[in-house]
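Shown next, in structure tokens, is the structure this report addresses.
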């Protein structure tokens, strides 16, 4: 099943002018695959996926980093970091969607529904006096226009872009000759 979920990896064409656009597209494809197959987010992650299609997908991601000047070990770390982030975000989105479906079902059956979204819980638990910053965020427009809070895809891309900023900083360190320790 895991191999089938990455079917088509051998045909991916990652477009973009540089490593950043191409690895961003790679992560977005991975996220879309996880959204199509949410059961993957529930699998144990003790070992990397070793099926042929998964290996091809990882190879494709590594290839996007060929011209970065990063060492091979760092390239694998970047791929692992992005994959872990993508998996975590997909799992949270899947859990939120499952909760929303349960909430809709409860409402349809006239069952009282607690506010189980992150934002809804903040609004219930963060009183202004004890948690002024959380309170201000919970009731602000900063958490998105969606009634449940943050715009999920926008938040995923925000986090991905911050990771890529860090990868660029790592590349810049290598170009200045600054020694790093592993």
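Each value in this text was obtained by applying a stated rule to the coordinates, not by laboratory testing. Bear in mind that the values here come from a model prediction, so they are computed numbers and not experimental data. Cβ atoms come from the backbone with ideal geometry, glycine included; neighbour counts cover every protein chain shown.
In table form, for the structure just shown:
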| read-out | value |
| --- | --- |
| Gain upon complete extension [residue 136, residue 43; 0.36 nm per residue less C-alpha separation] | 29.8 nm |
| Cα shape, region 77-131, gyration tensor, a/c 1.5 rule | oblate |
| Cα→Cβ-extended label distance, 7 Å offset, between residue 155 and residue 55, nm | 3.7 nm |
| Label-point separation, residue 107 to residue 32 (7 Å along Cα→Cβ), nm | 3.0 nm |
